[in-house]
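Report on one structure; see the data block that follows.
The values are calculated or read from the model by the stated rules, or taken from the named source; none is laboratory data. Just so we're clear, the structure is a prediction, and the values are computed from it rather than from any experiment. All Cβ positions, even for glycine, are placed from backbone atoms using ideal geometry, and neighbour counts span all protein chains on display. To get the accessible areas, we keep the full protein, side chains included, count just its heavy atoms, and leave off ligands, DNA and RNA. Shrake-Rupley method; radii C 1.70, N 1.55, O 1.52, S 1.80 Å.
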Amino acid sequence: MDILKLKQDLKDELADILERSQFVEKQKQAREAAVDRLTRAEAIAIAATLHELLGWLPSVKVETSKQSAATAVSVSASVTGDDVISTSGLVVLSDDLMTTEFEVLTQAEYVLLDDFTGDAQKVETREALVRAIFDAFTSSYRRRYEFALTEAGLRSKVLLDGEQINLLSQPQ
């Protein structure tokens, strides 16, 4: 039995395992940086536009959150303070995530999420996602607002009143 050779073979195998582990960790970090680089700026631009469109609504929140291969954009608000209406979209990294050359990844995709069914609908551009989120959110908000105004118990809880709406009508 060649003890020195067995020890050296074990050391070499363990060093290879450690090297592969470090390589995988570096790849994970490079992937995270690529996802962040490609999706975060797009999501922030979408969120800024949505905030410009909806920021005047009482209790509205426009947020982004980083996912493993995407950045989510979410708009939420309450009509009465008790309920929450929300709509979300994703800016997704669309290229091959199995690559080791993350710097070549340049394409993001846009997805509207249906918070009720969990379905995802692809849209073509950043502007299309802004519009899709805006339309889905405002449709839900209008329905809930109308319902709250027709219910005597909810009417007094409605956060958006006529005075706030009139302020929007005035030229700025």
**Asked** Between a first residue in the stretch 20-49 that is in contact (Cβ under 8 Å) with a residue 60 or more places away in the chain and of a type in the set (Val, Ile, Thr) and a second residue that is surrounded by 12 or more Cβ atoms within 10 Å (Cβ to Cβ) and part of a helix (DSSP H, G or I), which pairs have beta carbons less than 7 Å apart while being 6 or more apart in sequence or on different chains?
**Response** Ile46/Arg126; Ile46/Leu129; Ile46/Val130; Thr49/Val130
**Message:** Of all residues being part of a strand (DSSP E or B) and surrounded by fewer than 17 Cβ atoms within 10 Å (Cβ to Cβ) in the stretch 65-75, which is modelled with the lowest pLDDT? Just the residue, please.
**Reply:** Lys66
**Residue selected from the stretch 118-172 under the condition loosely packed, with under 13 Cβ neighbours inside 10 Å, among the hydroxyl-bearing types (Ser, Thr, Tyr) and within 30 Å of Val91 (Cα to Cα), by the criterion modelled with the highest pLDDT** = Ser139
**Message:** Looking only at the stretch 79-107, filter to residues that are crowded, with 21+ Cβ neighbours inside 10 Å and of a type outside the set (Val, Ile, Thr); which one of those is modelled with the lowest pLDDT?
**Reply:** Leu93
**Fill in**
Residue hits (the stretch 108-133; in contact (Cβ under 8 Å) with a residue 24 or more places away in the chain and among the small types (Gly, Ala, Ser)) are Ala108, Ala120, Ala132
**Complete:** Apart from one, (1) of a type in the set (Gly, Ala, Ser); (2) over 21 Å from Phe137 (Cα atoms); (3) in contact (Cβ under 8 Å) with a residue 12 or more places away in the chain all hold for Ala15; the odd one out is (3)
**Asked** Which of the residues belonging to the stretch 9-32 are over 30 Å from Tyr110 (Cβ atoms), open to solvent by less than 90 Å² (accessible area, probe 1.4 Å) and polar (S, T, N, Q)?
**Response** Ser21
**Residues of the stretch 33-51 satisfying the condition of being open to solvent by less than 100 Å² (accessible area, probe 1.4 Å) and over 15 Å from Arg126 (Cα atoms)** = Ala33, Ala34, Val35, Asp36
**Asked** If only one of Ala30, Ala41, Ala47 is assigned to a helix (DSSP H, G or I) and modelled with pLDDT of 95 or more, which one is it?
**Response** Ala47
